[in-house]
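Input: a single structure, listed below in structure tokens.
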Amino acid sequence: NRVVGVERDGIVSGYAAFRFRRPDDIAGYDIVVSELVYDDPQALRELLAFFHSQSDQVERIEVQSGDEHLHMLLDDPSSGRKHRYGTGILELRSTGIGLMYRVLDVRQVWEPLSGWSFGDRSCRVEFRIADSLVVDNERPFVLRVQDGRAEVADEGEADVAVSLDIARFSSLLAGSTDFATLYRYGLAELSDPSYLQTLQILFGTFAKPQCMTNF
């Protein structure tokens, strides 16, 4: 791998790790970017300018990233592989799923999140989680949220009950998905659908988590 970085006043504000790859079907090289990390738009622009300067040396630049909106940076976001879907729909990227996280204790996991703000809403949510491996996780509990601060109560009345399995609960808490998507797909059930927007705000995230560690 080769690494380039953006440095300002002795501080690195972005870097990219990449390698050259020779395709089987043509003479020349591709660049494969395995890590693209930046703190601000200016650092991103400088990294992209570096890769653009390689256009006379390589056929294609492949970026491996968890950023699903990265194609919006490009004037032509097509992959260049000429795969078409229907009329005028070009392939943009290939998508895969790597690491999967699992919450081991659905009650204890809230303790390190005691200082986290889950929006500005207040409500009491009863969670009913299906977990075939950890039986204790299937015992319902109430999450009390007051002005965005959450704490667990084993009993008490709730405003709304949520039913989902441990895989979807883990993805929701990690920020890999949002509540509205789970509800739309029927992967999470609500006793009162009027609380959908509240739950979407409680479990909304600014950005999805990314992991660049390969196993």
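The values are calculated or read from the model by the stated rules, or taken from the named source; none is laboratory data. Not measured: the values here are computed from a predicted model. Glycine also receives a Cβ, built like all others from the backbone with ideal geometry; neighbour counts cover every protein chain displayed. Protein only, heavy atoms only, side chains kept; ligands, DNA and RNA dropped before computing areas. Shrake-Rupley method; radii C 1.70, N 1.55, O 1.52, S 1.80 Å.
The number of residues in segment 142-179 that are open to solvent by less than 40 Å² (accessible area, probe 1.4 Å) and assigned to a strand (DSSP E or B) comes to 10.
Among the residues of segment 126-136, the ones that are open to solvent by less than 40 Å² (accessible area, probe 1.4 Å) and part of a strand (DSSP E or B) come to 2 in all. Evaluation of residue 134 against the conditions (1) within 17 Å of residue 102 (Cα to Cα); (2) under 25 Å from the mean Cα position of the chain (by Cα) shows that the sole unmet condition is (2). Here residue 76 fulfils each of the conditions (1) within 25 Å of residue 24 (Cβ to Cβ); (2) acidic (Asp, Glu); (3) at pLDDT 85 or above apart from (3). Counting only strands (runs of 3 or more DSSP E) that fall entirely inside segment 1-103 and contain at least 2 residues that are exposed (fewer than 12 other Cβ atoms within 10 Å of the Cβ), the qualifying elements are 2-8.
Within segment 181-215, the set of residues being in contact with a Gly (Cβ under 9 Å, 6 or more places away or on another chain) and open to solvent by less than 30 Å² (accessible area, probe 1.4 Å) comprises 198, 202, 203. Checking each residue in segment 77-106 for being closer than 17 Å to residue 166 by Cβ and not hydrophobic (A, V, I, L, M, F, W, C) picks out 101, 102, 105.
Is it the case that some residue within segment 113-122 is part of a helix (DSSP H, G or I) and out of contact with any Gly (no Cβ under 6 Å at 6 or more places or on another chain)? The answer is yes, given that some residue of segment 113-122 is part of a helix (DSSP H, G or I) and out of contact with any Gly (no Cβ under 6 Å at 6 or more places or on another chain). Residues that are open to solvent by 90 Å² or more (accessible area, probe 1.4 Å), of a type outside the set (Val, Ile, Thr) and closer than 30 Å to residue 64 by Cα do not occur anywhere in segment 106-113.
One line per residue, one yes/no per condition, for (1) of a type in the set (Phe, Trp, Tyr); (2) touching a Ser or Thr at 6+ places or on another chain (Cβ under 6 Å); (3) within 21 Å of residue 194 (Cβ to Cβ):
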| residue | (1), (2), (3) |
| --- | --- |
| 146 | no, yes, yes |
| 150 | no, no, yes |
| 165 | no, no, no |
| 169 | yes, no, no |
| 172 | no, no, yes |
| 180 | no, no, yes |
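Residue 123 fulfils the conditions (1) of a type outside the set (Asp, Glu); (2) open to solvent by 20 Å² or more (accessible area, probe 1.4 Å); (3) touching a Phe, Trp or Tyr at 6+ places or on another chain (Cβ under 9 Å) except for a single criterion, (2).
Return yes or no: is residue 139 open to solvent by 90 Å² or more (accessible area, probe 1.4 Å) and at pLDDT 90 or above?
Details: open to solvent by 90 Å² or more (accessible area, probe 1.4 Å): yes; at pLDDT 90 or above: yes.
Answer is yes for this residue.
So, residue 205, is that one in a loop (DSSP other than H, G, I, E, B) and either modelled with pLDDT of 95 or more or not aromatic (Phe, Trp, Tyr) (or both) or not? The answer is yes for residue 205. Residue pairs whose Cβ atoms lie under 9 Å apart, sitting 6 or more positions apart in sequence or on different chains, and linking a residue in segment 164-177 that is closer than 18 Å to residue 112 by Cβ to a partner that is open to solvent by 40 Å² or more (accessible area, probe 1.4 Å) and of a type in the set (Asp, Glu), are 172/178.
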